[in-house]
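What follows is one structure encoded as structure tokens, with my remarks underneath.
The values are calculated or read from the model by the stated rules, or taken from the named source; none is laboratory data. Values in this document were obtained by computation on a predicted structure and should not be read as measured data. Counting neighbours? That spans all protein chains shown, and the Cβs are built from the backbone with ideal geometry, glycine included. Note: areas computed on protein heavy atoms with side chains; ligands, DNA, RNA excluded. Shrake-Rupley method; radii C 1.70, N 1.55, O 1.52, S 1.80 Å.
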Amino acid sequence: MHSTATETRRGGRWIERWDPEDTEFWENGGRRIANRNLLFSVLSEHIGFSIWTLWSVMVLFMGPEYGIDPAGKFFLVGMATAVGALVRIPYTFAVARFGGRNWTIFSALMLLLPTVAAAIVMEPGTSYGTFLLVAALTGVGGGNFASSMTNINSFFPLRRKGWALGLNAGGGNIGVPVVQLVGLLVIGTAGASHPRILLAVYIPLIVIAAALAALRMDNLAPVRNDTGAAREAVRDAHTWIMSLLYVGTFGSFIGYSFAFGLVLQNQFARTPLQAASITFIGPLLGSLIRPVGGHLADRFGGARITLWNFLGMGAATLVVILASVQKSLPVFTTGFIALFVLTGLGNGSTYKMIPGIYHAKALAQGLTGEAAAAYGRRLSGASMGLIGAVGALGGLGINLAFRESFLSAHTGTPAFVSFLAFYAVCFTLTWAVYLRRPAATAPLSEAAEPAPQLSYAEV
């Protein structure tokens with residue numbers, strides 16, 4: 001297929017023409033190339049998430065001999081969360097500067113740095129400052145999400161973005177429960193004094209992911225950094241509204257993923273093995289359901305799914321609060337896992353909203369066809385890194401809230417009450433901005449003729 005043929009340029013595989021909104025182009029080879037890049041993007045992002053959340057497992061290996069109290073451990077995992085959020089912004093723009101394939105290779109190899117460093121320092125007697133530095137290095141794994149999502153967003157047509165972005169992110173998110181399962185296996189077989197076994201598993205996997213990206217992925221030449229689009233995205237109120245909503249969904253997912261094991265240990269006196277045997281379940285289910293959230297958003301509209309999802313998150317949080325007060329571990333675990341599932345569903349629906357919102361703005365400005373699609377890709381690509389970064393900072397907020405809650409009340413209940421209030425804000429904001437007011441746009445989940453005065457519920 002000549003229109004999607006690749007050529008070697010600047011030392012890599014580059015596709016010179018890419019037009020996924022063209023149905024003929026898409027069916028005659030575009031779909032195959034996009035799906036191939038999606039597959040290996042998922043693999044690299046999956047391992048990136050595992051390394052980013054590595055310290056949610058490492059702290060389970062850190063017994064009394066390490067001399068670090070619960071507050072110190074919450075801050076340790078919070079450091080990894082914070083750096084992972086901040087590096088998402090430069091990682092977003094790196095795709096257009098260096099190419100999606102090229103950056104995937106580099107970002108995968110960067111994961112060796114925190115993994116090898118952890119293998120060197122992970123022993124009693126290491127200073128807390130050293131642990132903080134090594135935990136901060138794992139933040140590069142969080143950046144992989146932003147570059148991967150920006151890259152895959154460019155490969156797929158608008159009508160398929162919810163599914164593709166949900167699958168890409170869900171496959172990456174599964175890296176969280178997988179590293180926790182591997183940690184459980186190590187603790188259950190070798191004991192809590194052998195954390196280096198876990199690290200030895202991931203070092204060769206990182207190399208394999210980088211090699212497969214080099215062999216099977218492509219760069220898109222039409223994708224270029226657009227500083228004008230970045231400035232426009234920063235000035236657009238929707239970027240910041242969606243950032244806040246993403247704090248509620250993804251920020252909750254990653255924050256709870258880091259904190260769940262520590263909460264079980266400190267509030268319910270679970271041993272490392274007992275905590276590890278439960279902590280992976282919530283992130284696993286939340287990761288698996290993320291593509292479902294994207295698919296439902298494609299079909300019914302992301303705003304509708306997001307609204308009801310925040311209502312569900314509030315209900316699950318109420319269950320967790322009641323169980324926390326009553327000290328009921330079974331009910332607490334059930335409510336917390338339900339909360340994880342809803343964060344995953346909301347991750348898919350909120351990310352689907354981003355390209356839809358900017359396509360809606362294009363239609364409202366009178367653009368149609370490919371011009372509207374190009375405007376949507378331009379603005380959504382520029383905004384995704386910022387939205388992803390702010391959303392991930394929600395994970396830092398959750399761990400800091402837990403730290404303060406355990407310091408002052410010796411329980412996580414006050415933290416959960418604050419999370420409930422935040423979900424109420426997100427519910428209200430979603431309704432007020434995207435479901436209450438009409439917007440002059442056409443349906444966005446399918447290619448359709450323009451229709452005036454339709455709601456953002458289609459986003």
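Give me the angle, in degrees from 0 to 90, between the Cα long axis of helix 413-430 and the longest principal axis of the Cα atoms of the chain, rounded to the nearest 10.
That works out to roughly 10 degrees.
Please list, or write none, the lysines whose alpha carbon is within less than 22 Å of the alpha carbon of LYS361, excluding same-chain residues fewer than 8 places away.
Within reach: LYS161, LYS352.
Figure the gain on full extension for SER193 and ALA211 (residue separation times 0.36 nm, minus the Cα-Cα span) and round it to one decimal in nm.
3.3 nm
In whole angstrom, note down how far apart the Cα centers of the stretch 124-195 and the stretch 222-278 are.
Between the Cα centre of the stretch 124-195 and that of the stretch 222-278, the gap is 12 Å.
When only C-alpha pairs under 8 Å and at least 6 residues apart count, what is the relative contact order of the chain, in percent?
Answer for the chain is 23 percent.
What do you reckon, how do ARG97, ARG377, ARG17 stack up by accessible area (1.4 Å probe), largest on top?
ARG97, ARG17, ARG377
Considering only protein heavy atoms, with the full assembly of protein chains and a 1.4 angstrom probe, order THR368, THR239 by accessible area, largest first.
Greatest to least solvent exposure: THR368, THR239.
To the nearest 10 degrees, how steeply does helix 252-268 sit against the main Cα axis of the chain, on a 0 to 90 scale?
For helix 252-268, the angle is close to 10 degrees.
How far, in degrees from 0 to 90, does helix 302-326 lean away from the longest principal axis of the Cα atoms of the chain, to the nearest 10?
Taking Cα atoms only, the helix is inclined about 10 degrees.
How big is the stretch 26-110 in terms of Cα radius of gyration and Dmax, in angstroms?
Rg, Dmax (Cα atoms, Å): 17.7, 61.
Arrange the peptides 278-287, 127-136, 333-342 so that the one whose residues have, on average, the most other Cβ atoms within 10 Å appears first.
278-287, 333-342, 127-136
Apply the a/c threshold of 1.5 to the C-alpha gyration tensor of the stretch 247-287 and tell me whether it is rounded, prolate or oblate.
Cα axes put the stretch 247-287 in the oblate bin.
For HIS46, what accessible surface area do you get with a 1.4 Å probe? Give it in Å², rounded to 10.
40
Mind ranking LYS327, LYS161 by accessible surface for me, highest first, 1.4 Å probe?
LYS327, LYS161
What does the accessible area of ARG160 come to, in Å² to the nearest 10, when a probe of 1.4 Å is used?
Ignoring ligands and nucleic acids, ARG160 comes out at about 90 Å².
Looking only at Cα atoms, what is the convex hull volume of the chain per residue, in Å³?
Convex hull volume per residue, Cα atoms: 122 Å³.
How far apart, in nm, are two points set 7 Å out from the Cα along the Cα-to-Cβ line at VAL121 and at LEU273?
3.0
Considering all alpha-carbon pairs of the stretch 342-392, what whole percent are spaced by more than 16 angstrom?
That tail contains 43 percent of the Cα-Cα pairs.
Please find the FRET efficiency linking VAL325 to THR368, where r is the Cβ-Cβ separation and R0 is fixed at 51 Å, and quote it to the nearest 0.05.
Working from the Cβ atoms, E equals 0.35.
Using a 7 Å offset from Cα along Cα-Cβ at THR130, what residues in the stretch 43-62 end up with backbone N under 19 Å from the label point?
Those under the cut-off are 55, 58-62.
Testing the spin-label approximation: label points 7 Å from Cα along Cα→Cβ at PHE300 and ARG235. State their distance in nm.
A separation of 3.7 nm, rounded to one decimal place.
Check ASN219: other-chain or 5+ apart residues with amide H under 5 Å from its amide H, H built from backbone geometry?
For ASN219, the qualifying residues are ARG13, TRP14, ILE15, ARG101.
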